[in-house]
Amino acid sequence: MAATAMIRITTLRCRHDPLSSLPRTTSAACSCTLPPRCRQCRLLPPHSSGCSPSSSIFPRRVRVRPTAALKRIGGGNTSFMGPANNGATTLQRSSSPDLRRSLIVLKSTAGTGGGNASSGLLPTILGVAHLLVSLGIVLATDKFLKQAFVAASIKFPSALFGMFCVFSVLVVFDTFVPALAKAFMDFFEPATLFIQRWLPLFYVPSLVVLPLAVRDVPAASGVKIFAITFGGWFATLAVAGYTALAVRKLVKTQLIPAEPMSKASPFSTVETWAWAAVFVASFGVACFNPRALGTTARTCLPFLLAATVLGYMVGSGLPSGVKKVLHPIITCALSADLAAVAYGYLSGSGLDAVLGDYLTKAPSNPGAGDVRMGFLGSVIISFAFSMFKQRKLVKRHAAEIFTSIAIASTFSLYSTAVIGRLIGLEPSLTISILPRCITVALALSIVSFFEGVNSSLTAAVVVVTRLIGANFVQVAMDKLGLNDPIARGIGTASSAHGLGTAALSAKEPEALPFCAIAYGLTGIFGSLVCSVPVVRQSLVFIAG
């Protein structure tokens, strides 16, 4: 790539005094006499008054090598340096008041060469490799812990134990070797960003197969469940918010800025078309040969996976006002169900059979939903990195955070059991909706402690709760007089978890750190409480 630089030197004078005493020489470029170049700054002093007009009026032109680029660097050095490490010609600008330059770089319109493309390809390959290694370690850790807990007959979420272990390791590193803690965080950042970017997809499988789960639920019971969900959301919001507000008045701790949180990259057009191509190709293969990959579940896996991803991408691109009602979780679940309906009709297998292949719950014959739910443990483990990043905020406001979360989580669990018993909801359905105010990943872990529950109903109630919170949480808190950002953040996350957090943080960024903290800690505390046998037995007894 060719480039031409014009440098206009308005007052070019060497600042080194010995130059004035040197003998003058004749310049070949003009008729004036010039002193030799200074050995320190390598600059020529200004032309004498006898210089020809052509050389004094027009700026000097400097021809740069085709592969070089001019780079202006601020600093106190007055020298013109040679080629830098990357082969570019470097121009350094002096801070001396005697040296004033104006630099105009004319960009060439020529295309980039193959060297630039190759230099950009290597970082991409290394980035993908970094993501695969870091994410693979998280997945392998989750799988190892799960197998170990099953072998030891431990009824406690293995991923939650892994999260505590990772958080403890980070705290120890930060205490004794802070650089090691930072390196640990940087290494796993690609994995955490990947999980954050695709987080809603890991919650979808239970919603996709919801038509099979609610088929046996009577309509009257459905109305009762909705009443408990809406009323329980408002009550939990009030309890969490007022508790945080009361503790805030007691401790009177001043707010401090939170650590900035990394954001996942948006979806590109290339990604959308790539997944669309996967869907079309795999759907055609499945229609032509339903057992092309050995089983119907494996054959349906690619196009059902692609349908879910495409639905999430489309939902993520909707306007914010539309997403409050039609959240990306809903759009990707609807997209997968529509694909299942189409394939069931064309293949003659029917919707029920396709949904059964979507979530088989059989490790030897996984479906698209099983692949996604395999990430839920990794989601829980990744909470450790978010909590560690906000550790200063957690430590400073520990009284407000932990008191509010403990009271709100306990109230949510027991109030649901009590109300379900009072309005005559079936005990199994009441137990299924106990963790309605906890994020799906941990809610499913909680209901796994109990027998005879409907996990798909659990996921559906959690999604409905977050949709209610996203639409009404700000208005409700304004009516309740919850004006403190800590109270608003904790109250929102404790009652409406992820989607409520997103809705609040869009307009109240000062509450986002407390939403993020309460979002994870609410589920963690609920899991810890329900892992105690006495608590589980009491909840079952109350529910009837």
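The values are calculated or read from the model by the stated rules, or taken from the named source; none is laboratory data. The structure displayed is predicted, hence computed values, not measured ones. Backbone-built Cβ (ideal geometry, glycine too); neighbour counts: all protein chains shown. Calculation scope for accessible area: heavy atoms of the full protein, side chains included, ligands and nucleic acids excluded. Shrake-Rupley method; radii C 1.70, N 1.55, O 1.52, S 1.80 Å.
Brief remarks on what is shown
- Separation of the Lys392 and Leu139 label points, Cα + 7 Å toward Cβ, nm: 3.5
- Segment 410-430 and segment 273-295: distance between their alpha carbon centers, rounded to Å: 44
- Per-residue packing, averaged as other Cβ atoms within 10 Å, sorts the ranges 517-529, 222-234 into the order 517-529, 222-234, beginning with the highest.
- Selection of trypsin sites (Lys or Arg not before Pro), segment 116-186, meeting DSSP coil and at most 14 other Cβ within 10 Å: Lys155
- Under Karplus coefficients 6.51, -1.76 and 1.60, residue-wise ³J(HN,Hα) of segment 430-443 in Hz, glycine/proline x: 4, 5, 5, 9, 4, x, 5, 9, 10, 4, 4, 4, 7, 4
- Distance in nm between pseudo-label sites at Val535 and Glu426 (7 Å out along the Cβ direction from Cα): 2.7
- Among the protein heavy atoms of segment 269-358, carbon and sulfur supply 73% of the accessible surface, probe 1.4 Å, non-protein parts ignored.
- Directionally averaged projected area (convex hull, Cα atoms, segment 365-418), nm²: 5.9
- Accessible heavy-atom area order of Cys437, Cys165, highest first, probe of 1.4 Å: Cys165, Cys437
- Segment Thr269-Asp186, extension gain: residue separation times 0.36 nm, minus the distance between their alpha carbons: 27.1 nm
- Here each label is just a point 7 Å from Cα along the line to Cβ, and for Ala219 and Thr253 those points are 5.1 nm apart.
- Tyr242, Tyr312, Tyr345, reordered so the largest accessible area comes first (probe 1.4 Å): Tyr345, Tyr242, Tyr312
- A straight chain from Val280 to Phe161 at 0.36 nm per residue would run longer than the Cα-Cα distance by 38.7 nm.
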